[in-house]
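These notes are about the structure you will find just below.
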């Protein structure tokens with residue numbers, strides 16, 4: 001029904017503007033979250049089946065108990081406006097953001113493109129968000145969400161690269177009490193220079209500063225929170241290995257693999273393939289699985305991985321789990337397959 005009825009309507013919104021469809025979907029989810037009992041009813045339909053009152057697939061990863069290992073990736077609900085609703089379509093956790101220290105409108109429009117034949121999306125959104133201070137206020141108003149919340153933090157475009165650390169630290173400080181884990185986004189292709197922060201020297205300095213800030217907040221009475229790093233699928237094997245050494249040496253709790261790709265081999269020949277930005281969706285599936293498998297092998301499974309990228313079928317999620325992922329996240333697959341995809345993945349979890 002989603003692909004026959006709902007998706008065509010969404011695609012026609014705003015004369016086919018993908019970003020308008022995204023905004024309308026998000027507003028619809030926000031309204032759904034305001035309906036008493038909707039999230040609980042939806043989670044029974046789309047979530048992991050309960051056995052003897054407990055989720056059969058609940059798991060604890062980097063010290064956090066996840067009711068389901070299937071989460072919503074960052075980028076869908078950047079400002080956290082629909083957080084009450086996501087369990088209604090089966091998600092066991094949600095990652096908001098990427099959020100920056102300064103509010104910013106993002107890149108010029110159009111900046112979101114659907115490559116329907118490939119079940120893919122190209123975006124160059126540029127971290128459009130209301131800023132970490134506004135997100136903190138919204139999360140304070142929510143109170144307890146009842147599920148784990150990740151917060152993805154990035155660098156503001158107006159902040160020079162040499163001042164990036166303070167930008168990240170500011171957002172961590174503002175949001176620390178509200179997130180269950182924090183994802184350090186140094187891999188988006190849509191903020192100039194950002195990916196250079198994946199280099200060993202820059203990354204070590206950034207992570208050391210973030211852990212120092214987290215330690216000071218813990219001393220002030222807040223619970224310790226895991227810090228994860230989100231990496232690009234375009235890194236060479238040697239670059240990944242160097243990055244992993246930095247992460248293990250600075251106490252990183254896990255890796256999110258992967259962000260979008262700048263590679264276009266999977267959509268070669270498509271009229272939109274030349275659009276700049278990050279590619280997500282089906283063409284990313286093999287790349288992400290290879291990166292997850294390499295990280296798992298290189299660390300001996302000691303560093304948990306959240307697998308994300310290319311999940312448009314339950315088998316795609318299974319491949320990431322088989323590669324060594326402890327958790328998975330979905331975004332583009334939700335656009336093309338709807339909430340039924342989340343239900344199918346949850347029903348086929350081991």
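Laboratory data are not the source of any read-out in this text; all were calculated from the coordinates shown. In this text, all values refer to a predicted model and were calculated from it rather than measured experimentally. Every residue, glycine among them, receives a Cβ derived from its backbone with ideal geometry; neighbour counts consider all protein chains shown.
Among bridges DSSP assigns within the stretch 2-347, what percent are antiparallel (round to 5)? Of all bridge pairs located within the stretch 2-347, approximately 35 percent are antiparallel.
Here r is the Cβ-Cβ distance between residue 31 and residue 200 and R0 is 45 Å; the resulting FRET efficiency, rounded to 0.05, is 0.50. Put the Cα centre of the stretch 266-344 next to the Cα centre of the stretch 156-225 and the gap is 24 Å.
Full extension of the chain segment joining residue 116 with residue 65 gains 14.8 nm, where the gain is 0.36 nm per residue of separation less the Cα-Cα distance. Estimated from the Cβ-Cβ distance and a Förster radius of 25 angstrom, the FRET efficiency linking residue 23 and residue 262 is about 0.50.
Extension gain, residue 298 to residue 322, is 7.1 nm, computed as 0.36 nm per intervening residue step minus the present C-alpha separation. Potential lengthening of the chain between residue 140 and residue 58 amounts to 26.9 nm, from the contour at 0.36 nm per residue minus the alpha-carbon distance. For the stretch 199-228, the residues whose amide N sits under 12 Å from a probe point set 7 Å from the Cα of residue 245 along the beta carbon direction are 200-201. For the chain, adding -39500 (n - 2.57) for each run of n ≥ 4 DSSP H residues and dividing by the number of residues yields -11000 deg cm²/dmol at 222 nm. Mean sequence separation of contacting Cα pairs (under 8 Å, at least six apart), scaled by the length of the chain, corresponds to a relative contact order of 18 percent. Note on the stretch 77-195: antiparallel DSSP beta bridges, both residues inside, total approximately 40 percent of the bridges counted.
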